[in-house]
Amino acid sequence: MNLRQLSTVNALSDHVTVCEYQGINIIRVIHPLAEAGISLHGGHLIWFKPTDEKDLIWLSENAIFDPAKAIRGGIPVCWPWFGQAGTPSHGFARTSQWTLLEHRENEHGVIVSLQLEDNDDTRAIWPYKFNNVLTFEIGRELKVSLTSTNTDSQPWSYSGALHTYFDIADINNVEITGMGPSFLDSTQQGKACNGDDVLTFSGETDRVYNQPEATITINDKNNQRNILVTNEGNNAAVIWNPWQELSINMADMADNSFETMVCVESTIHTPSIELAPGQSHTLATTVATK
């Protein structure tokens, strides 16, 4: 089913409606400048397309919409840890139910904010109190901001990522710049490496770049565009493509779908962020084309 053609369950405003797909509520934005979809399951942006442009965000054609599972593609929220630092992998935020906090709109676009607070389920996994506000600014550009606040009586630390999947024409004809020289190579058990100024792809790539520039550029040659990824509040950038063998082993990816996606992630890796009671930190990513 085409998610963008779902029937409206509730019209919130001229440009914002609520739809439902397989038991999951989706906030759909249709504005003169852009279209977007945000799943309340996971606080997960699942598409973004500026008007008269190609899609910028990749969603797997085999994505599974199940409240117990993460959605493959889009922008999953990895929180309060990244990767295998805890269980479940990438934390619980991407499989939690977020609530709609507010929505606003004007001629420049639409702003949608979601909220996730601690509850019995989260405290069973991670025993701290928190308040997360996830804000989507949708216009000619897309900005996603995750503000985490410590509402506990004791300090806690967290890591995470805005795990953005980008829609590209052909991974074999993509170049990435701005990621910096040094990285930890997860395909070599986290080995510290140094790379070239330009990253191209010829196999599985899973790297944590620990000296990224503020803006990373994806040269999507076959689509004749540059995708600019500007990150804030991060201390690393993860770049990932599973290549064919891993794609074949993933039930929610088609065998060759690795060819049309690449992840460039605004990441808090090492060191983690420590927040005292009442403190907040914002992790953000802005996506634009030129």
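Residues that are aromatic (Phe, Trp, Tyr) and under 23 Å from Leu45 (Cβ atoms) were ranked within region 127-140; the one that is surrounded by the most Cβ atoms within 10 Å (Cβ to Cβ) is Phe136.
On the stretch given as region 68-95, residues that are assigned to a loop (DSSP other than H, G, I, E, B) and basic (Lys, Arg) total 2.
Name the strands (runs of 3 or more DSSP E) wholly inside region 10-67 in which the number of residues that are surrounded by fewer than 16 Cβ atoms within 10 Å (Cβ to Cβ) and modelled with pLDDT of 95 or more is 2 or more.
Qualifying strands (runs of 3 or more DSSP E): none found.
Please verify whether Ile46 is out of contact with any strand residue (DSSP E or B) (no Cβ under 9 Å at 6 or more places or on another chain), over 23 Å from Thr215 (Cβ atoms) and either in contact (Cβ under 8 Å) with a residue 40 or more places away in the chain or aromatic (Phe, Trp, Tyr) (or both), treating the condition exactly as stated. Considered against the rule, which asks whether it is out of contact with any strand residue (DSSP E or B) (no Cβ under 9 Å at 6 or more places or on another chain), over 23 Å from Thr215 (Cβ atoms) and either in contact (Cβ under 8 Å) with a residue 40 or more places away in the chain or aromatic (Phe, Trp, Tyr) (or both), Ile46 comes out as no. Looking at Ile248, Ile273, just one residue is more than 20 Å from Phe48 (Cβ to Cβ) and free of Cβ contacts under 8 Å to residues at least 12 places away in the same chain, and that residue is Ile248.
What about Glu265, is it closer than 16 Å to Trp58 by Cα, among the charged types (D, E, K, R) and not in a loop (DSSP other than H, G, I, E, B)? Yes.
If you check Leu142, Leu146 for being under 23 Å from Gln84 (Cβ atoms) and hydrophobic (A, V, I, L, M, F, W, C), only one passes: Leu146.
Do you know which residues across region 191-219 are in a loop (DSSP other than H, G, I, E, B) and exposed (fewer than 14 other Cβ atoms within 10 Å of the Cβ)?
Within region 191-219, the subset in a loop (DSSP other than H, G, I, E, B) is 195-197, 200-204, 210-214.
Passing the criteria: Asp196, Asp197, Thr200, Ser202, Gly203, Gln211, Ala214.
The condition (being farther than 15 Å from Ser186 by Cβ, over 16 Å from the mean Cα position of the chain (by Cα), of a type in the set (Gly, Ala, Ser) and modelled with pLDDT of 95 or more) is satisfied by just one residue among Ala254, Ala284: Ala254. Can you pull out the residues in region 92-125 that are small (Gly, Ala, Ser) and closer than 11 Å to Gly42 by Cα? Those that are small (Gly, Ala, Ser) and closer than 11 Å to Gly42 by Cα: Ala93, Ser96.
The values are calculated or read from the model by the stated rules, or taken from the named source; none is laboratory data. Quantities reported herein were computed from a predicted structural model and do not represent experimental measurements. So basically every Cβ, Gly included, is an ideal-geometry build from the backbone, and we count neighbours across all protein chains shown.
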